[in-house]
Amino acid sequence: IFDAFRVRQIQGDGSVPALDKIELRQRLKAMEYELNRHLAGRYGVSEQDKVGYDKWLRTHEPFHWFVEFHGIMQRGGFDVVIGNPPYVSRTKISDYSTRDYETESCPDIYALCIERSMAVLAQYGRIGLIIPISFQFSEEYNLAREIVRRGSEMIWVSAYSRNPAALFNAGLGVRNTILLGARRDRGAGKIMSSRLYRWVEETRPILFEGIAYLELSRELQAFGWPRLDNSGIASLFETLVGSGGRLANVGSVTQHRLRFKTTALYYLSVFITDPPSHDQAGRPIAQTKIGQIGFGSGPECMAALAVAVGKIALLWWSSTGDDFDVTAKGLGGLPLSLSALPPVSLKKLGQIGARLNREMERHVIYTNYAGKKMGNYDIKYVRHLTDDADRTILCALGATEIWEDIELAYARFMKMTRERHGTTRGDLSDRDKDQGV
């Protein structure tokens, strides 16, 4: 009936007899009624319970693609699906439930939208979605990534920070991924990943013209779909992952600990001793939002400090994290085993870490927050030390040629905003002034 209706529309003067229209609508309405009854039964609602059935229709508003887009679905689905699905935690939805979705365990309903988008896509269709950056890295969205991967011949993912500019209003606090996919029936194809883009608002008109992608290896896919700045960074990450190590065993309780701020923007704030902080009266107060990871010895802890504050660790975090939170699992999971390094390299890292520990305490920056002066170490003044540590790591890995790629990635990452109003730096000691520091 539908096919005959369409033939009449595109032949002659395009008119369709009223009776044909009525018959088609009746057929589709009957199909909708049958599908509603079937779906309600899946939710434990019987048509015989008129009150309950009517309430279910009202609250769930069942939508049947094969009815609403009969011709499109009959031909296999949509050629293109484009969308910006809602970003809503499932914990905030109490009056609606879903059935038969693989992504029901994902914490946000945008995952359900990804799954449905793939389901209604034609055999050789294309998909384009703007979604949160959590899709790319979080283990909680493994199923959503797998659905896209196994149903696509080619996938392109590009990531966008919210500092200093954002795809949406920066006040929303959303970091985004733009997912593009080319569908195929079976098997999984290539995943192409961009770097994490940071840009100033003035360059937005040309932002998408410069998007570049690199193929993501299967080894790196064990960490989600990391963002890759350049081929040198991709090679470095593959080397690190191939070693099978990690910086620390998360959860181990020892007296030798690295502590860190659990949020980051332009550098990872990692330290042995917490930065000083004060209340309005100038009295010392404890730091807030602090995490920690443990190590077996003091020298090992110092070596880990030199690694964790460096650019390699920062770029790994920016490639595999959410561009804001720092966790023990993420920091300790940096795929670099200190014990696997040559003894001479480990010793040098320990020496750098000890000097770094002393130097950081001389460069304290204070930020006014909730009536308090919260201290932090200003890492830019000790970059010469962290660079020495990073070069030591590259030398141990036989990858010294990658240094320029690290510098490039770091420069593109450092799109800084202005400092918060009221930010101050600690005064230099008289001894430092005497020495001309």
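The values are calculated or read from the model by the stated rules, or taken from the named source; none is laboratory data. Note that the structure is predicted; figures quoted are calculated from it, not measured. FYI the Cβ positions are ideal-geometry reconstructions off the backbone, even for glycines, and counts take in every protein chain you see. Protein only, heavy atoms only, side chains kept; ligands, DNA and RNA dropped before computing areas. Shrake-Rupley method; radii C 1.70, N 1.55, O 1.52, S 1.80 Å.
Applying both filters, DSSP loop and at most 10 other Cβ atoms within 10 Å, to the chymotrypsin sites (Phe, Trp or Tyr not before Pro) of the range 103-179 eliminates every site. For the peptides 278-289, 56-67, residues were scored by their other Cβ atoms within 10 Å and the scores averaged per peptide; the highest-first order is 56-67, 278-289. For Gly14, neighbours were defined as the other residues whose beta-carbon sits under 12 Å from its Cβ, and their charges (Lys and Arg +1, Asp and Glu -1) total +1.
Where is the GNM fluctuation largest for the chain (alpha-carbon springs, 10 angstrom cutoff): Met192, Met374, Met31? The residue that fluctuates most here is Met31. With bins 10 Å wide beginning at 0, the percent of Cα pairs of the range 1-46 falling in each bin runs 25, 34, 21, 15, 4.
The HN-Hα couplings worked out from phi for the range 291-303 by the Karplus form 6.51 cos²θ - 1.76 cosθ + 1.60 (θ = phi - 60°) are x, 7, 9, x, 9, x, 8, x, x, 5, 5, 5, 4 Hz, whole numbers, x standing for Gly and Pro. Restricting the trypsin sites (Lys or Arg not before Pro) of the range 146-223 to loop positions (DSSP other than H, G, I, E, B) with no more than 15 neighbouring Cβ atoms within 10 Å leaves Arg186, Arg218.
What residue among Asn357, Asn163, Asn36 shows peak mean-square fluctuation when the chain is described by a Gaussian network model with Cα springs under 10 Å? Greatest mean-square fluctuation among the candidates belongs to Asn36. Once you've got the GNM for the chain with C-alpha springs shorter than 10 Å, pick whichever of Gly224, Gly375, Gly71 has the biggest mean-square fluctuation. Comparing Gly224, Gly375, Gly71 in the GNM, the peak value goes to Gly71. Distances between placed amide hydrogens fall under 5 Å for Leu121 paired with Phe78, all partners being 5 or more residues away or on another chain.
The apolar share of the surface of the chain, taken as the fraction of accessible area on carbon and sulfur atoms (1.4 Å probe, ligands and nucleic acids excluded), comes to 52 percent.
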